[in-house]
Amino acid sequence: MRTALIIFVRHPELGKVKTRLAKGIGNEKALSVYNLLLGHTRQITIPLNCRKFIYYTDQVIEHDIWTLPGYTKRQQFGEHLGARMSNAFKELFDQGFERVMIIGSDCYQLQTHVLEQGIDALNDNDVVVGPTFDGGYYLLGCNHYIPELFTHKDWSTDQVATQTISTISQLKLNHSLLEKLHDVDEAADLELNGISL
């Protein structure tokens, strides 16, 4: 168990999740979609042969869908998304893990075999990136702590993947790109992902 998978999640609360999506379909349907996404993420990560760490945006929930063997619950900390990701990576590398990857719960197209490809890629590459069609990424992994991956990025924009790959090049690291997938952020993404309400 030398690999750790970080999963960033929010509590599924009405009006507090998928807010961009909610502008198009309303808060209740957005919450239903988020619960669907959480269930999908749980389903595809259970078969993985690695340790899984659920990092909550808010306080840790003791009993929820992530109360499972092999899953450890923690709380995110940091002023912005980059800092929270960086802190989670550092925490796990400091614990002795040799490969650490992070995903969120926004990618309905993500499957177990893609996650396994990401883990395998870190045997021969410093970094692995799973890009999304909107310019972000659904997965980021590395085989040592690289703080520069989490600084000077325009988070939640269409520049994140490009800026991340630029950082990798500047540091003269080698990397692997996984297949490009659609995530679910806005109402138009539902059809692309085959989600019907």
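At a 1.4 Å probe radius, carbon and sulfur cover how many percent of the accessible area of the chain?
Details: 4560 of 9670 Å².
Ligands and nucleic acids excluded, carbon and sulfur reach 47 percent.
Return the single residue from V184, V128, V114 with maximal mean-square fluctuation; model: Gaussian network over the chain, springs between Cα atoms under 10 Å.
Top of the fluctuation ranking is V114.
Report the relative contact order of region 64-197, percent, no decimals, based on alpha-carbon pairs under 8 angstrom and at least 6 residues apart.
Details: 189 pairs, mean separation 34.8, N = 134.
Reported as a whole number, the value is 26 percent.
What 222 nm value per residue comes from the helices of the chain, counting each DSSP H run with n ≥ 4 as -39,500 (n - 2.57) and dividing by all residues, nearest 500 deg cm²/dmol?
Value at 222 nm, helices only, nearest 500: -10500 deg cm²/dmol.
So how exposed is L36, as accessible area in Å² (1.4 Å probe, rounded to 10)?
Taking all protein chains as shown, L36 has close to 70 Å².
Considering only K18, K73, K172, give the residue with the highest GNM mean-square fluctuation for the chain, with springs between Cα atoms whenever their separation is below 10 Å.
Evaluated over the chain, the most mobile residue of the options is K172.
So what's the projected area for region 79-192, the Cα convex hull averaged over all directions, in nm²?
Taking a quarter of the hull surface, the average projection is 7.0 nm².
Report, to two decimal places, the Cα Rg of region 1-107 normalised by 2.2 N^0.38 Å (N = number of residues).
In units of the globular-protein estimate, region 1-107 measures up at 1.09.
Over the chain, average the accessible area per residue using a 1.4 Å probe and give it in Å², no decimals.
Dividing the accessible area of the chain by its residue count gives 49 Å².
Sequence neighbours fewer than 8 away in the same chain don't count; with that in mind, list the lysines whose C-alpha is under 28 Å from K153.
Within reach: K16, K18, K23, K52, K73, K90, K172, K180.
The values are calculated or read from the model by the stated rules, or taken from the named source; none is laboratory data. Please read all numbers here as calculations on a predicted model, not as lab measurements. We work out accessible area using only protein heavy atoms, side chains counted, and drop any ligands, DNA or RNA first. Shrake-Rupley method; radii C 1.70, N 1.55, O 1.52, S 1.80 Å.
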